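Student: One structure is given below, represented as structure tokens, and several questions about it will come after.
The values are calculated or read from the model by the stated rules, or taken from the named source; none is laboratory data. Fair warning: this is a prediction, and the values are worked out from it, not measured in the lab. Cβ: placed from backbone, ideal geometry, glycine included. Neighbour counts: every protein chain shown.
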Amino acid sequence: MAKVTSKLQVTIPKAIAVAYGIRPGTDIDWVPAGDAIRVVTPSSATSASERCRRLQCFDEATARQAARERAAPQATGATGRGWTREDLYRRGGTG
């Protein structure tokens, strides 16, 4: 775990710096992300072509999921459950 110095400086662990190509003089951005903070380096900024590739992969995955849902048998009514929604209401004593 890194500590913040009195000058509000933070030391990046060496393993993280090496993995992400952070060297002395590298510009990094501190980006609020809800209850956390993201450290973003220029090399981690997503290019337009990378965004298009990711969106295409997402669209393909969405299409595969839709195909699986169409192929799966749909549950209808109380078949196999042994109870119906109405049974639940009656069991509560309000029906």
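Student: Under 9 Å between Cβ atoms, at least 6 apart or on separate chains: pull out the pairs that start in segment 30-41 with a residue that is part of a strand (DSSP E or B) and end on any residue that is charged (D, E, K, R).
Tutor: Between residues of segment 30-41 that are part of a strand (DSSP E or B) and residues that are charged (D, E, K, R), the close pairs are W30/R38; V31/R38; P32/R38; R38/D29; V39/D29; V40/D29.
Student: Let me ask something additional. With the requirement that a residue be among the hydrophobic types (A, V, I, L, M, F, W, C) and at pLDDT below 90, what does segment 34-54 give you?
Tutor: V39, V40, A45, A48, C52
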